[in-house]
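Novice: Take this structure first; my questions come after.
Quick note: the coordinates plus some simple rules give every number you see, no bench work behind them. Everything numeric here is computed off the predicted structure, so don't read it as measured data. As a convention, Cβ positions derive from the backbone with ideal geometry for all residues, glycine included, and neighbour counts pool all protein chains shown.
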Amino acid sequence: MIATGVLKAEWTKFSSIRATMVLSLAVVAASGFFGWTFANMAAHEYATASAQERLDFLPLDQVMRGMLLVQLLISALGVLVATSEYGSGTLGPSLAAVGRRSRLVIAKAGMTALVALPVSVAGIGLMFVTSQVTLAAQGAPYLMPGDPDALLALLLGPVVFTLLALFGLALGLLLRGTAAAVNVSSTFLLMPVLAPIFPDFLSRLLTTYWPNGAGFRAVTSRSDLPPVLSFGLLVGFVAVMHIAAFTRFARRDA
Amino acid sequence: MIQLTALTKRYGDKTAVDDLTLLVRPGVVTGFLGPNGAGKSTTMRMILGLDLPTSGTATINGRAHHELPHPLRTIGSMLDARAAHPRRTAYKHLLYQAQTNAIPATRVDEVLDLVGLTEVAGKPAGSFSMGMTQRLGIAAALLGDPPVLVLDEPVNGLDPEGVRWIRALMRGLAAEGRTVLISSHLMSEMAMTADRLVVIGKGRLIAEGEIGDFTAAGSAVAVRTPESGVFARLLELAGAHVRPGPDDELLVTGMEAADVGRLAAAEGVTLFELSVRHASLEETFMELTRDAAEYGAAR
């Protein structure tokens, strides 16, 4: 059960410091920006492509690659929900006020999800709009939001982002410091991006089974696994992280 | 009421709090005294559920902290007044704590007014002076109008006027029947504020009682006589305890001044001086905690 008062308090904490609010806006702004830049690149390639290459052109895959960068911001957002308390020493007062520790963790997870979801919907929506408008303006093929591939990205993408914010929260609770948690989170999340530099089998493993890679594959429906399984992999991973974070949090001196 | 039962906290092989059993009663201000590192803060953190005891229990009005549905309405605390986000306004700092316990926002205004921070409610806590920060911490402790208060070094950083204010506040709260536990490493400060004292050192209970008991325990009868060697032996034979004081005087404990005088008259000993010395609480405290001081200067 989420105690609504504790949840409200989490929102007050979140909304009353600048870093978290700025980061939320940055997610949306960066999404729009990357949608535009990657679409410009794609449109340029399309303009100089051969007839065969033009047939294979996918108007969504390339331009939504900005998600691989924006994921770092959304995860950092989750990190801050935990570490802004450790950094300023307010975890003591917060725990003294809330009492049972599970109540605080559940409220933090709930608040993170409730903020990350609309922020992700706005970010990915904006990325889609800027990218497709840019493609259309430069005469490249583009998708309308009603297209099945587009719908999948617009609906499932924000859910993947929200799960990555929750991943950030779990890391923040475990590592108790913004710098440490953001570094670990970024390194972890960039692994699938680095996949091409690894040997083939490792690269395949990373893009198919690495939790956030699997999540993105489910969004773009390009996975070797059924999308439900890819997506389930990410959900399961985040759940395990939260169980670990909570178990540690419940037994540790604050 | 706060009840500690065999409360123990170990960090590795270091024992911070050692088998502490204690009842902190309502209606009086209880001073929690000990040298730095004696385990005062750790004890308070265990009462508030921030540190988990290695063994033993701490209850507040019969319940452990994590069992309280709305902790702030039972126990208010200030362990570290600086524990506020520097960018968050004083108002929001209090508001979020109020929300966790379903305390109405109007109460935030009330406590801000009570501690005199109404005018700076919209300023970030990071811009506050030490005294204002301390007042903000007190405001947070009072949010839930709690029957039990735990404050770690509450007068730290306050100016003389602020110190007087907080003393009056603590005494007033205790007079309303609340349990008030405040820690300090300064005996003289406690002498002005507390009704009861609990002294700990190296995590163990050293002494406990009314303030008066401590001054009485520290008092002695001072005697100056030209025949100090002989008279000291006579006093000891009569059951008193004698130790040498400054300026050739004898400090006698375990015997009233009147009886010392009678003994001198009966034995024909000339006395130059006979007086009662009340040791200051500070001296008593130093005496009590000498062996338990964690970091003692070389003597």
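Novice: When only C-alpha pairs under 8 Å and at least 6 residues apart count, what is the relative contact order of chain A, in percent? Intermediate values should be presented prior to the final figure.
Specialist: Values: 349 pairs, mean separation 62.4, N = 254.
Normalised by residue count, the contact order of chain A is 25 percent.
Novice: With the dipole of the protein assembly as shown worked out from charges on the C-beta (+1 for Lys and Arg, -1 for Asp and Glu) around the Cα centre, which of B:Ala102, B:Leu79, A:Thr4 lies farthest toward the positive end?
Specialist: It is A:Thr4, whose Cα lies furthest towards the positive end.
Novice: On to the next question. What dipole magnitude, in Debye to the nearest 20, does the protein assembly as shown give about its Cα centre under +1 on Lys/Arg Cβ and -1 on Asp/Glu Cβ?
Specialist: Numbers: 45 positive and 46 negative charges, 312 e Å.
Its charge dipole is roughly 1500 debye.
Novice: Please compute the average number of Cβ atoms from other chains found within 10 Å of each residue's Cβ in peptide A:16-28. List each step's numbers first, then the result.
Specialist: On the way: counts 10, 7, 3, 2, 0, 0, 0, 0, 0, 0, 0, 0, 0.
Whole-number average of other-chain Cβ neighbours for A:16-28 is 2.
Novice: To test your reading of the geometry: what angle, between 0 and 90 degrees and rounded to tens, separates the Cα axis of helix A:101-137 from the longest principal axis of chain A?
Specialist: 20
Novice: Stokes-Einstein at 20 °C, 1.002 mPa s, Kirkwood radius from Cα pairs: D for chain A in µm² s⁻¹?
Specialist: 113
Novice: How much length is gained if the chain between A:Trp11 and A:Leu194 is pulled fully straight, taking 0.36 nm per residue apart and subtracting their Cα-Cα distance, in nm to one decimal?
Specialist: That works out to 62.3 nm of additional length.
Novice: A further question on this structure: What are the principal axis extents of the Cα atoms in region A:144-200, in Å, biggest first?
Specialist: Dimensions of region A:144-200 along the principal axes of its Cα atoms: 42, 31, 13 Å.
Novice: In units of 2.2 N^0.38 Å, what is the alpha-carbon radius of gyration of region A:4-146?
Specialist: In units of the 2.2 N^0.38 Å rule of thumb, it is 1.38.
Novice: Once Lys and Arg get +1 and Asp and Glu get -1 on their Cβ, which of B:Ser127, B:Leu288, A:Ala180 lies farthest toward the positive end of the dipole of the protein assembly as shown?
Specialist: Of the candidates, A:Ala180 comes out farthest on the positive side.
Novice: Just how many % of Cα pairs in region A:174-254 lie over 21 Å apart, if you round to the nearest whole percent?
Specialist: 39
Novice: Report the semi-axes of the equivalent ellipsoid for the protein assembly as shown in whole Å, largest first, where each axis is √(5λ) for an eigenvalue λ of the Cα gyration tensor.
Specialist: Values: eigenvalues 932, 103, 66 Å².
Semi-axes, largest first: 68, 23, 18 Å.
Novice: Give me the dipole magnitude in Debye, nearest 20, for region B:220-277 about the Cα centre, with unit charges on the beta carbon: positive for Lys and Arg, negative for Asp and Glu.
Specialist: The dipole of region B:220-277 has a size of about 100 debye.
Novice: Could you point to the residue in A:Val235, A:Val133, A:Ala96 farthest towards the positive end of chain A's charge dipole, with +1 and -1 charges on the Cβ of Lys/Arg and Asp/Glu respectively?
Specialist: Of the candidates, A:Ala96 comes out farthest on the positive side.
Novice: Using the crude model of +1 on Lys and Arg Cβ and -1 on Asp and Glu Cβ, and no other charge, please compute the dipole size for region A:43-134 relative to its Cα centre, in debye to 20.
Specialist: Dipole magnitude for region A:43-134 comes out near 640 debye.
Novice: Continuing with this model, one more query. Per the Cauchy relation, a quarter of the hull surface: what is the mean projected area of the convex hull of the alpha carbons in region B:2-209, in nm²?
Specialist: Average projection, Cα convex hull of region B:2-209: 10.9 nm².
Novice: Add +1 for every Lys or Arg and -1 for every Asp or Glu among the other residues with Cβ under 13 Å from the Cβ of B:Asp113, and state the total.
Specialist: Computed value for this residue: -1.
Novice: OK, next. Which whole-number value in Å³ per residue fits the convex hull of the alpha carbons of region B:7-110?
Specialist: Cα convex hull per residue, to the nearest whole number: 139 Å³.
Novice: Mind checking the mean number of beta-carbon atoms from other chains within 10 Å of the Cβ atoms in B:50-57? Walk me through the numbers on the way to the answer.
Specialist: Numbers: counts 7, 3, 5, 0, 0, 0, 0, 0.
Per residue, the number of nearby Cβ atoms from other chains is 2 on average.
Novice: Still on this structure: To test your reading of the geometry: what angle, between 0 and 90 degrees and rounded to tens, separates the Cα axis of helix A:67-88 from the longest principal axis of chain A?
Specialist: The answer is roughly 10 degrees.
Novice: Cα extents of region B:149-227 along the three principal axes, largest first, in whole Å?
Specialist: Largest to smallest, the principal-axis extents are 54, 31, 25 Å.
Novice: Taking 2.2 N^0.38 Å as the expected size of a compact globular protein, what ratio does the Cα radius of gyration of region B:220-277 give against it, to two decimals? If you can, show how the numbers build up before the last one.
Specialist: Numbers: Rg = 9.6 Å, N = 58, 2.2 N^0.38 = 10.3 Å.
So the Cα radius of gyration is 0.93 times the expected 2.2 N^0.38 Å.
Novice: Then there is this: Using a 10 Å cut-off around each Cβ of peptide A:102-108, what is the average number of partner chain Cβ atoms that fall inside?
Specialist: For peptide A:102-108, the averaged partner shielding equals 1.
Novice: Another question, if that's okay. With θ set to phi - 60°, apply the Karplus curve 6.51 cos²θ - 1.76 cosθ + 1.60 along region B:268-277 and write out the HN-Hα couplings as whole Hz, x wherever there is a Gly or Pro.
Specialist: Values per residue, Gly and Pro as x: x, 8, 6, 10, 8, 7, 9, 8, 9, 9 Hz.
Novice: Shifting gears a bit: What does the helix-only formula give at 222 nm for chain B: each DSSP H stretch with n ≥ 4 adding -39500 (n - 2.57), the total divided by the residues, and the result rounded to the nearest 500 deg cm²/dmol? Spell out each step's value before the answer.
Specialist: Details: 10 runs with 104 residues, N = 299.
Estimated from H runs of four or more residues: -10500 deg cm²/dmol.
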